[in-house]
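Asker: Handing you a structure now.
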Amino acid sequence: MHMNSTMNIPGLKDVNIEKIEEVGERTALHVSLPRKPHQCPACRAMTTRIHDYRIQKIKHLKWFERLTVLFYKRRRYACSCGKRFSETSPFVDKYQRYTKEWKVVRVRSIKAKTFKEAGEVLGTSSSTVIRRFKEVSKEQMSQGVRLPKSIAIDEYKGDTDAGKYQLIIADAETKKPLDVLPNRRKETIQDYLRQHGTDVELVVMDMNPSFKAAVKKILGRPVIVADRFHYCRYIYWALDEVRRKVQKEWHAYDRKKCKRMRHVLYKRSDKLTENHRWYLDRYLGMSDELKRAYELKEAYCEWFDWAKNAEDMAEVKSRLEAFYRKVEKAGIPAFIKAIQTFKNWQVEILNSFGFNYSNGFLEGINNKTKVMKRNAYGFRRFDHFRAKILLNIQYEEIGVHLG
């Protein structure tokens, strides 16, 4: 197909399209630029004298869902001072084999499930996509993160060359991830906080003793807030332990049915349907120990719901200690073990009512992280995975439509 006209193809505005042809599975556009005066880079004089032409092959974005390549007839101008130089092009930078529109590959390298998939969509190799990805991560990710006053930390299973578990640090106020540490070891956390945590005053965490020890050692006397979800589940685990123990003595039908209906034990009493209440009464009637365990769970829920809106921390503490006494009186080993954990973390648990912070948003980020890892069939390199996590959150508003 021969032509000599100016077409408004995305990224090729005011470019002369001289010919369009099919080359295998690609569309080939033969292009040139209108002749115009150019300034000599040596003597700064203007010239329009052409020295010669050369054909440059350049990759462009898809056009009508077909991979596109440009054959660009590039002029070289000659100046009276003897200098030869190429014309300036609005669609391709010097020494590049891809058009400027190809910057979309930078976003695609972040958003695509895998580098290989991005390469296939764009008609290039995965190594080109990785190179662009590294460029973006180098530009966008600052090396020296200064941590804010309130941070949240949590681990996730990364399985990279840096180790099995990695640690994510986020801003507890803005809920944006700030950095990812290669492992969850106490020394790693301490070194990082020593370098970047001068301003940190409050840390939200799950109930991990090594996190607590690292934070206390480096930050002195920070406010540590235990995440509510993580300490509440100790009570539910205790109830479940009792259920598993007592149902072993039951008939096979009741044992299996109670296992399937265990959610009725976890639900708040006032939220049960008529049908659920029937099952609850049946199984609590079959075991006095399970009944006492359920009553302790309900007593805990009553304290927790009240404490969420309470203003007097001394009263919250005194009611929690009253709950401990109930547990000790009931004498159920699983619950005694649970309240021992509560006693070890009591200050941090009480802080979760005094300071309205939680790690819930970080669990959401971890969920996205796991999806990224699963989609890519895992990441070998920690630096790639770290950049992928942080940049994906940063670029989440940006689309990847290729036109």
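The values are calculated or read from the model by the stated rules, or taken from the named source; none is laboratory data. The shown structure was predicted, so the numbers you read here are calculated from the model rather than taken from an experiment. So basically every Cβ, Gly included, is an ideal-geometry build from the backbone, and we count neighbours across all protein chains shown.
Asker: How about the stretch 377-403: which of its residues are under 19 Å from PRO182 (Cβ atoms) and modelled with pLDDT under 80?
Answerer: Matches in the stretch 377-403: ILE393 only.
Asker: Filter the stretch 26-71 for residues that are of a type in the set (Phe, Trp, Tyr) and crowded, with 17+ Cβ neighbours inside 10 Å; which is nearest to GLY11 (Cα to Cα)?
Answerer: Filtering the stretch 26-71 for residues that are of a type in the set (Phe, Trp, Tyr) and crowded, with 17+ Cβ neighbours inside 10 Å, the one nearest to GLY11 (Cα to Cα) comes out as TRP63.
Asker: Just name the residue that is modelled with the lowest pLDDT out of those in the stretch 180-205 that are under 22 Å from PHE355 (Cβ atoms) and crowded, with 18+ Cβ neighbours inside 10 Å.
Answerer: Here the answer is GLY197.
Asker: Then there is this: Can you go through THR198, THR188, THR174, THR160 and tell me which one is more than 30 Å from GLU289 (Cβ to Cβ) and touching a helix residue (DSSP H, G or I) at 6+ places or on another chain (Cβ under 6 Å)? Spell out how you get there, then give the answer.
Answerer: On the way: THR198 fails: touching a helix residue (DSSP H, G or I) at 6+ places or on another chain (Cβ under 6 Å); THR188 fails: touching a helix residue (DSSP H, G or I) at 6+ places or on another chain (Cβ under 6 Å); THR174 fails: touching a helix residue (DSSP H, G or I) at 6+ places or on another chain (Cβ under 6 Å).
Only one candidate passes the filter, namely THR160.
Asker: Can you go through GLU155, GLU101 and tell me which one is out of contact with any helix residue (DSSP H, G or I) (no Cβ under 8 Å at 6 or more places or on another chain) and under 30 Å from ILE9 (Cα atoms)?
Answerer: Answer to the check: GLU101.
Asker: When the stretch 215-239 is examined, which residues are found to be closer than 17 Å to ILE336 by Cα, in contact (Cβ under 8 Å) with a residue 24 or more places away in the chain and out of contact with any Leu (no Cβ under 7 Å at 6 or more places or on another chain)?
Answerer: TYR231, CYS232, TYR234, ILE235, TYR236, TRP237, ALA238
Asker: Among (1) within 24 Å of the chain's Cα centre (by Cα); (2) buried (at least 18 other Cβ atoms within 10 Å of the Cβ), where does PRO222 come up short?
Answerer: Against the list (1) within 24 Å of the chain's Cα centre (by Cα); (2) buried (at least 18 other Cβ atoms within 10 Å of the Cβ), PRO222 comes up short only on (1).
Asker: Identify all residues within the stretch 195-235 that are of a type in the set (Ser, Thr, Tyr) and farther than 16 Å from ILE168 by Cβ; write none if there are none. Show your work before the answer.
Answerer: Kept after step one, since they are of a type in the set (Ser, Thr, Tyr), are these residues of the stretch 195-235: 198, 210, 231, 234.
THR198, TYR231, TYR234, listed by residue number.
Asker: Mind checking which residues of the stretch 88-123 are touching a residue at least 40 places away in the same chain (Cβ under 8 Å), in a loop (DSSP other than H, G, I, E, B) and surrounded by fewer than 19 Cβ atoms within 10 Å (Cβ to Cβ)? Please lay out each step first, then the result.
Answerer: Taking the stretch 88-123 and keeping what is touching a residue at least 40 places away in the same chain (Cβ under 8 Å), we get 88-91, 97-102, 104, 107-108, 110-114, 121-123.
This time we only want the ones that are in a loop (DSSP other than H, G, I, E, B), so: 88-91, 97, 99, 112-114, 123.
Matches in the stretch 88-123: THR88, PRO90, ARG97, LYS113, THR114, GLY123.
Asker: Restricting to the stretch 122-155, name every residue that is out of contact with any strand residue (DSSP E or B) (no Cβ under 6 Å at 6 or more places or on another chain), among the hydroxyl-bearing types (Ser, Thr, Tyr) and over 13 Å from ALA387 (Cβ atoms).
Answerer: If the condition is that a residue be out of contact with any strand residue (DSSP E or B) (no Cβ under 6 Å at 6 or more places or on another chain), among the hydroxyl-bearing types (Ser, Thr, Tyr) and over 13 Å from ALA387 (Cβ atoms), then THR124, SER125, SER126, SER127, THR128 are the ones that fit.
Asker: Any residue in the stretch 179-197 that is in a strand (DSSP E or B), more than 30 Å from CYS301 (Cα to Cα), within 22 Å of the chain's Cα centre (by Cα) and free of Cβ contacts under 8 Å to residues at least 24 places away in the same chain?
Answerer: yes
Asker: Then there's this: If you go through the stretch 233-243 one residue at a time, do you hit one that is surrounded by fewer than 19 Cβ atoms within 10 Å (Cβ to Cβ) and either closer than 16 Å to GLN346 by Cβ or in contact with a Gly (Cβ under 8 Å, 6 or more places away or on another chain) (or both)?
Answerer: Checked the stretch 233-243: no residue is surrounded by fewer than 19 Cβ atoms within 10 Å (Cβ to Cβ) and either closer than 16 Å to GLN346 by Cβ or in contact with a Gly (Cβ under 8 Å, 6 or more places away or on another chain) (or both).
Asker: Return the only residue of ALA162, ALA170, ALA118 being small (Gly, Ala, Ser), at pLDDT below 85 and closer than 18 Å to ASN392 by Cβ.
Answerer: Only one candidate passes the filter, namely ALA118.
Asker: Against the condition assigned to a helix (DSSP H, G or I), over 21 Å from ILE169 (Cα atoms) and charged (D, E, K, R), how does LYS337 come out, does it pass?
Answerer: yes
Asker: Something else about it: I need a count of the residues in the stretch 124-147 that are in a helix (DSSP H, G or I) and small (Gly, Ala, Ser).
Answerer: 3
Asker: Only one of these is over 36 Å from the mean Cα position of the chain (by Cα) and among the hydrophobic types (A, V, I, L, M, F, W, C): PHE323, PHE304, PHE342, PHE335. Name it.
Answerer: Matching residue, one of PHE323, PHE304, PHE342, PHE335: PHE323.
Asker: Give me the pairs, please: first residue somewhere in the stretch 12-24 and modelled with pLDDT of 85 or more, second residue anywhere and outside any strand (DSSP E or B) and surrounded by 13 or more Cβ atoms within 10 Å (Cβ to Cβ), beta-carbon distance under 6 Å, and either six or more positions apart or on two chains.
Answerer: So the pair list comes out as ILE17/MET7.
Asker: Further question: Return yes when GLU348 is among the acidic types (Asp, Glu), exposed (fewer than 14 other Cβ atoms within 10 Å of the Cβ) and not assigned by TED's automatic domain parsing to the domain that holds PRO209 and no when it is not.
Answerer: Against the criterion (among the acidic types (Asp, Glu), exposed (fewer than 14 other Cβ atoms within 10 Å of the Cβ) and not assigned by TED's automatic domain parsing to the domain that holds PRO209), GLU348 does not qualify.
Asker: Can you find a residue that is part of a helix (DSSP H, G or I), surrounded by 19 or more Cβ atoms within 10 Å (Cβ to Cβ) and either acidic (Asp, Glu) or in contact (Cβ under 8 Å) with a residue 24 or more places away in the chain (or both) anywhere in the stretch 72-87?
Answerer: So far as the stretch 72-87 goes, no, none of its residues is part of a helix (DSSP H, G or I), surrounded by 19 or more Cβ atoms within 10 Å (Cβ to Cβ) and either acidic (Asp, Glu) or in contact (Cβ under 8 Å) with a residue 24 or more places away in the chain (or both).
Asker: Another question about this same structure. Being modelled with pLDDT under 90, within 30 Å of VAL371 (Cβ to Cβ) and over 30 Å from the mean Cα position of the chain (by Cα), is that true of even one residue in the stretch 51-61?
Answerer: Scanning the stretch 51-61 turns up no residue that is modelled with pLDDT under 90, within 30 Å of VAL371 (Cβ to Cβ) and over 30 Å from the mean Cα position of the chain (by Cα).
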